[in-house]
Amino acid sequence: MNTAEPRVHPDASQTRTFQRPADPLLQVRGLRVEYRHHGSTTTAVDGIDLAVGRGEIVALVGESGSGKSTLAKSIIGLLPRAAERTAGSITLGDTDLTSAREKDLEGIRGRRIGLVPQDPGASLDPVRTIGSQLAEVFRLHPDGARRSRKAVRDDVLRLLELVGIDRPEERLRQYPHELSGGLKQRVLIAIAFSLQPDLLIADEPTSALDVTVQAKILEVFERLAGEFGTAVLFVTHDLAVATDHAARIVVMQRGRIVEDRPVADILAAPDDEYTARLLEEASPHRRPAEARTASTAEPVTVPAIEVRGLTKDFRGKGEHHRAVDDVSFGVAQGTTFSLVGESGSGKSTTARMILRLLDPTAGQILLHGEDVTTASRSRKRELWRSLQLVYQNPDSALDPRLAVSDIIGEPLLNYRVGTGAERSARVAELLEQVDLPVALAGKRPLELSGGQRQRVAIARALALGARTLVLDEALSALDVLTQAQVLALLADLQQDLGLTYLFISHDLHVVEQISTTVGVMRQGHLVETGPTAQIFGNPSSDYTRVLLASNPGHRLRARSGSRTAAAHAHTARPGLSALSAP
Amino acid sequence: MARYLVQRIGQALLVVWLAYTLVFLAVQLLPSDPVTIFLTVDSAVDQAAIDTMKSQYGYDQPLVVQYLHQLAGLFSGDFGYSLASGQSVRDRISGVAGSTVALAGSAFVTAVVIAVLLVAAATLTRSGVVRRVLVNLPPLFSAIPVFWLGLVLLELLSIRWGVMSLFPDGSFLSLAVPVLVLAIIVSAPLAQVLLKSVSHVYDQPFIDVLRAKGASRSWIFFRHALKNAAGPALTITGITVGTLFAGSVITETVFARSGLGSVVLQAVTTQDVPLVQGLVLLTATVFVVVNLVVDLLYPLLDPRILKSNGQGAPRALTA
């Protein structure tokens, strides 16, 4: 990674310790950014001091709303109109960015500061070719003599090879939609590195990618940063990724920096309590081998969900695409089965077939022993009383114009259950079940936090007395601490109501915590199934091993000791440590 | 691409055929045949004259024969004969169509220029006040009646200030003023849709990436945002053909220009059914052709259109 990691020892008398590189490239002093919204102002960044040395890789970690993105955007000058810097300064080398004119900033962006954005899918102009978007940087910053098309083209090809893109000549003529997410992110990295900037802002560069792709992208990224001596400010919510790739970690909470130290020091002993909690949640858990098992312990012979030889073909124009290929598994009542795999592996298609939202091409689906493969429309409607979906993104899965109580009560209304009074009583009961204060009943989704919204979605799924929930990436949009809380809620509900969960996720860390059994999918095939401890501790397929190796958090795992030993010590039960974990 | 082309052209032909059939059926719903209606507008005429004229124009044939005969005529460019002048409908229309095409064409180009300039100014200005004023112009434009604006301009330019002749005399102003009047009403929906889709484009992350590359605001607008936002505006363009045609009729009447407007007026007032029929078909055909061109232009603007052909909607065009 970077060679010269500055090690200035922190002043022992300070609780919050700041790193001061000897020759800082970037210096942020007393930065304060406020958002104006309908006359009121909120402070997103509140008196930040930060220095980044040349060639240094610094991770900026925090939950959403901690101000990390606002800080990153201030540095590269991409704050939205509603945001305003009210105090402090930012300097890059000798240039004061806060007093520079727009014209000068345009010369600095792209040349001295680069950006690798969060969402590769939407970060390239969809109607321009890859080639023109790569060449654009050179055209924007001509630097002296006008260069020929040929010279620019050679540079662009060299860049594509640098980030490991195959068939570069052909890629130049392609449009973004013809490239996969990983390739798009490589193109964006190539764009960011094209003029070899001094500083790169990487804003959650891999959070939209699969773990295996993420690992490869981060490797390219690190290699180039080392090669060009580029300093990187790596913004992420994922402490596991941060500890694996950065030399130094800066933790932000509510607009302030609460910790700023080399990774090794933080891992050894976090100073700040908040950092400690983040670390705890991001680390692999020693499963408490308590008696959660007992709740539904009577021997249940009929599985809640069983699929046999499930297959789904999609027909494009002329071409067949087998999304799910001969998948068979069973999920015992009251347990959690997780399907993991990269995007496109067929896990969501499988879930949608089980939900009977999609008809299988072949195979059988049995719910509590009953064959529902060819269920009629009215039968399906009955089915959905006991089988419900909690969708990935609570923001778009809740009608923004309805109040929380109406959202939760809607299924009752759809199925004409009870009188008005009975329905409101049921809504109140559901709110309590998902630990939402009754005061929220009249609020609209936008007024809630992400975690609260997901609780509303869970309550709605339970409204008709569902016994089986399909959770499709239900925690992916949440911060790690919120995730932990929702996981704890899911575990409690499972215990109290004897729920069965089919959990779809690409996040192996969460899967390991919640699952009884795990199935690994790849290109439509179920490559491996087994108890969680076995899959994570002793996988039988090569693909599972690759997947596990790509899972970020190597240093965290090393910190919390031998994971496999711990996993083997406790037989498969979903153990969840709540926030109160030591 | 070839398949897409054939598909779209086939659809276009189908629409023209349906339009013809609908017009034919509508004529049959009239209380009596076109000749009788035409001849009895002002006074009673003797039955013999009506019958002679009916057989001349073929209205004594069975309906199926009339339908097929007229349909066959369409393909050879024969739209029948005007009852009022005895001229062929084709000659009657083509004689004046040039003037209307010149007016409508110039007005359309002007409208596009007005819309793009307005949206560019509204997007690129740093002043909130200027932006708010510009954003509110299109609704104002569409609220101004064409004939009112035309009359006001005539009153000011010709009668008060005397800089423009009341009748078309070939001078620059006598073409420019009607063009502007028509362009203003046509530019309103274009600008509104373009504004909306441009602001949608600006919400997308790739704009941030462009800024991070060091692109200036006008670079981003003209080289990226405009092309991304053009889709929905192009769709509206196809639909404005109707406004354009209706507007031309009014504008021509106000400014006493010869053109399709006067022909439409005459055809309707004299109840010259074959001529009306021809005009309706012409309008339908123009409408279909323009929309066909719009559809064929789409893939040039957005490469995702052809890819997703037949497999659900393309990933949001921006709408």
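The values are calculated or read from the model by the stated rules, or taken from the named source; none is laboratory data. Note that the coordinates shown come from a computational prediction; the quantities given were computed from them, not determined experimentally. Heads up, the Cβs are rebuilt from the backbone with ideal geometry, glycines too, and the neighbour counts pull from every protein chain shown.
Quick notes on this structure:
- Taking (1) more than 14 Å from chain B (Cβ to nearest Cβ); (2) over 26 Å from residue A:216 (Cβ atoms) in turn, residue A:160 satisfies each apart from (2).
- Selection from the range B:1-23 of residues that are of a type in the set (Gly, Ala, Ser) and surrounded by fewer than 16 Cβ atoms within 10 Å (Cβ to Cβ): B:2, B:10
- Taking the criterion of being without any contact (Cβ under 8 Å) to a residue 24 or more places away in the chain and surrounded by fewer than 20 Cβ atoms within 10 Å (Cβ to Cβ), the residues of the range A:81-121 that qualify are A:81, A:94, A:95, A:96, A:98, A:99, A:100, A:101, A:102, A:103, A:104.
- Residue B:120 falls short of the stated requirement of being farther than 26 Å from residue A:80 by Cα, in contact (Cβ under 8 Å) with a residue 60 or more places away in the chain and part of a helix (DSSP H, G or I).
- Candidates B:297, B:306: the one that is surrounded by fewer than 19 Cβ atoms within 10 Å (Cβ to Cβ), within 14 Å of another protein chain (Cβ to nearest Cβ), at pLDDT below 85 and part of a helix (DSSP H, G or I) is B:306.
- Residue pairs meeting the criteria (Cβ under 8 Å; at least 6 apart or on separate chains; first surrounded by 24 or more Cβ atoms within 10 Å (Cβ to Cβ), in the range A:456-467; second part of a loop (DSSP other than H, G, I, E, B) and of a type in the set (Asp, Glu)): none
- Hey, residue B:246 farther than 25 Å from residue B:10 by Cα, small (Gly, Ala, Ser), more than 14 Å from chain A (Cβ to nearest Cβ) and within 22 Å of the chain's Cα centre (by Cα) or not: yes
- Qualifying residues in the range B:261-285 (those that are surrounded by fewer than 17 Cβ atoms within 10 Å (Cβ to Cβ) and under 30 Å from residue B:171 (Cα atoms)) - the one nearest to the other protein chains (Cβ to nearest Cβ): B:265
- Spans of strands (runs of 3 or more DSSP E) in the range A:318-390 with at least 1 residues surrounded by fewer than 19 Cβ atoms within 10 Å (Cβ to Cβ): A:320-331, A:362-367
- Restricting A:323, A:362, A:351 to those that are closer than 16 Å to residue A:526 by Cα, among the hydrophobic types (A, V, I, L, M, F, W, C) and modelled with pLDDT under 90 reduces the list to A:323.
- Among residues of the range B:268-294, those that are outside any helix (DSSP H, G or I) and not β-branched (Val, Ile, Thr), counted: 2
- Those strands (runs of 3 or more DSSP E) of the range A:227-270 in which 3 or more residues are of a type outside the set (A, V, I, L, M, F, W, C) and in contact (Cβ under 8 Å) with a residue 40 or more places away in the chain occupy A:256-262.
- Filtered residue count, the range B:87-138, keeping only those that are surrounded by 14 or more Cβ atoms within 10 Å (Cβ to Cβ) and of a type in the set (Lys, Arg): 3
- Criterion (over 15 Å from residue A:69 (Cβ atoms) and either out of contact with any strand residue (DSSP E or B) (no Cβ under 8 Å at 6 or more places or on another chain) or surrounded by 19 or more Cβ atoms within 10 Å (Cβ to Cβ) (or both)) met by exactly one of A:199, A:233: A:199
- Residues that are buried (at least 19 other Cβ atoms within 10 Å of the Cβ) and more than 18 Å from residue A:125 (Cα to Cα) were ranked within the range A:163-177; the one that is nearest to the other protein chains (Cβ to nearest Cβ) is A:163.
- Taking the range A:69-120 as the range and being facing chain B (nearest Cβ under 10 Å), farther than 19 Å from residue A:192 by Cβ and part of a helix (DSSP H, G or I) as the test, the residues that pass are A:102, A:103.
- Qualifying positions in the range A:121-136 - more than 9 Å from every other protein chain (Cβ to nearest Cβ) and of a type in the set (Asp, Glu): none
- Scanning the range A:165-210 for residues that are acidic (Asp, Glu), closer than 25 Å to residue A:521 by Cα and over 19 Å from the mean Cα position of the chain (by Cα) yields a single hit, A:178.
- Filtered by the rule that a residue be surrounded by fewer than 16 Cβ atoms within 10 Å (Cβ to Cβ) and touching a strand residue (DSSP E or B) at 6+ places or on another chain (Cβ under 8 Å), the range B:68-86 gives a lone residue, B:78.
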